Amino acid sequence: MTTSPLQVLYFIATTLAPTGAHHVSVTGGSEVYGWSRADTQADVSTWVFDRAVDPNQVLVNNYIVPDDVKRARKQIVAASKHDWGQRTVLVLDGAHQLEKSHDGYVYVVRPGAPNQKTYSFTFSR
C-alpha cells in the first residue's frame, strides 16, 4: 500500500497537535493545507479538512514520504509524548527531519540541499 504525501502531512499534524488545539495549518511554499478538530461526544478528536482537498493532487510530491514510513511514524509518536527539551531536531532518515520551532514544527525534506523543501505546522485553538 502506497502512502500519499498528504497522509504524511496529516499524520504529523494531528499527532503533534497540542491538547486543546482545534486547528492546524500546514504551509510549504505555495501549498497550504488545514484541518480542524470537531469535538463531539461520539468522537473526541475527529479531524476534518478545512476545504475539499483531493489527496491525488499532491501525489507528485512523493519526496515528502520518508523511506521507512512505519519507522518514521513510531519516531513521531514517541516525540509527541516527550518534552523536546534540548533536542529540537528529529532525524527520520537522511532526507527527512522534523524540527521543533517556537510556534509549532517544521518538516524538512532534503535538509541542506539546494532543493530543500520545508513544511511549517502551526496550531490554534
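Scanning the stretch 64-88 for residues that are surrounded by fewer than 13 Cβ atoms within 10 Å (Cβ to Cβ) and in a helix (DSSP H, G or I) yields a count of 5.
When the residues of the stretch 89-125 are filtered to those that are hydrophobic (A, V, I, L, M, F, W, C) and more than 20 Å from residue 74 (Cα to Cα), the one that is surrounded by the fewest Cβ atoms within 10 Å (Cβ to Cβ) is 113.
Applying the condition of being more than 17 Å from residue 102 (Cβ to Cβ) and in a loop (DSSP other than H, G, I, E, B) to the stretch 8-34 and asking which residue is modelled with the highest pLDDT yields 22.
The values are calculated or read from the model by the stated rules, or taken from the named source; none is laboratory data. Keep in mind the model is a prediction, meaning the values are calculated, not measured. Here Cβ is always computed from backbone atoms with ideal geometry, including for glycine, and neighbour counts include all displayed protein chains.
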